[in-house]
1. With contacts defined as alpha carbon pairs under 8 Å and 6 or more residues apart, what's the relative contact order of the range 93-165 in percent?
2. Between E82 and E107, what length in nm is gained on full extension when 0.36 nm per residue of separation is reduced by their alpha carbon distance?
3. I'd like the projected area of the range 75-119, averaged over all directions, using the convex hull of its alpha carbons. Report it in nm² with one decimal.
4. Going through the cross-link list K83/K119; K40/K87; K40/K103; K44/K68, which pairs have a Cα-Cα distance over 24 Å in this structure?
5. In whole Å, largest first, what are the principal axis extents of the Cα atoms in the range 34-99?
6. For N141 and D154 in the same chain, what is the full-extension length gain: residue separation times 0.36 nm, less their Cα-Cα distance, in nm?
7. Say R0 is 22 Å: what FRET efficiency, to the nearest 0.05, do K40 and S100 get from their beta-carbon distance?
Amino acid sequence: MPVQRTLQIFLMLSTCLWLPTAVGATAMESDYVWVERFQKTMAKAKQGDAKAQYSIGRMLEQGRGTRKDLAQAFIWYQRAAEKGNTKAEYHLGYMHLQGSGTKPNLEQAYRYLMNAAQKGHSRAQYYIGRMFQTGEGANQNLELAKHWYQLAVDGGFTPAQKSLDEMTTDASDMARKFAEDAPPAILQDQSAAAPTRKFTGYGDEEFDDETERAVTE
């Protein structure tokens, strides 16, 4: 076998053997960074730092720097939420909603999601909108559903726009069906009695634009 060909094969085999080792080393280095970060953050969390408690909840939920433990994540979110941490309130409400790390509890889901939503958390606003739309965990109120969906859209949570569009389409379809089926006299009465009251929502509060950032922000 020519020397040049032999050298090419040797280089190819060397690369194949080195690549998994390099990838593995990078993964181990990344794991080490997260483990160290988890330990440092835990020290702050045990001292009562709400931001650190939230971050510990995120790392436990995602399995970063430690093994994944949803029940423990729930506990740390709860500790941070009790101190008013908005992101913790959202995650705690969502876990109550999904039955993740705890049993499903729509009443508690509404409580914590509403707390976060009123502080401007766009994802929480979206789920509050869902609860008002479906009537699960809150009395069904389509106007309030639209209100919270719109706030979520304004806050940058774009999936809420799809829900808004679907509600608008459904309302248009219902109005069209009614117009097709109803006798002319009823249509005339309905037109004359069109409501003029404007929905005012929850007042003129200002909602800050809060987005999900890095785990240890």
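1. Over the range 93-165, the number comes to 22 percent.
2. Here the segment from E82 to E107 would lengthen by 7.4 nm.
3. With the hull built on Cα positions only, its mean projection is 2.5 nm².
4. K40/K103
5. Computed over the Cα atoms, the extents are 32, 23, 14 Å.
6. Here the segment from N141 to D154 would lengthen by 2.7 nm.
7. Rounded to the nearest 0.05, the efficiency is 0.25.
Read-outs: derived from the displayed coordinates by stated rules, not from any lab. None of the values given here were measured: they were computed from a predicted structure. Methodologically, a virtual Cβ is constructed for each residue, glycine included, from the backbone with ideal geometry; neighbour enumeration extends over all protein chains shown.
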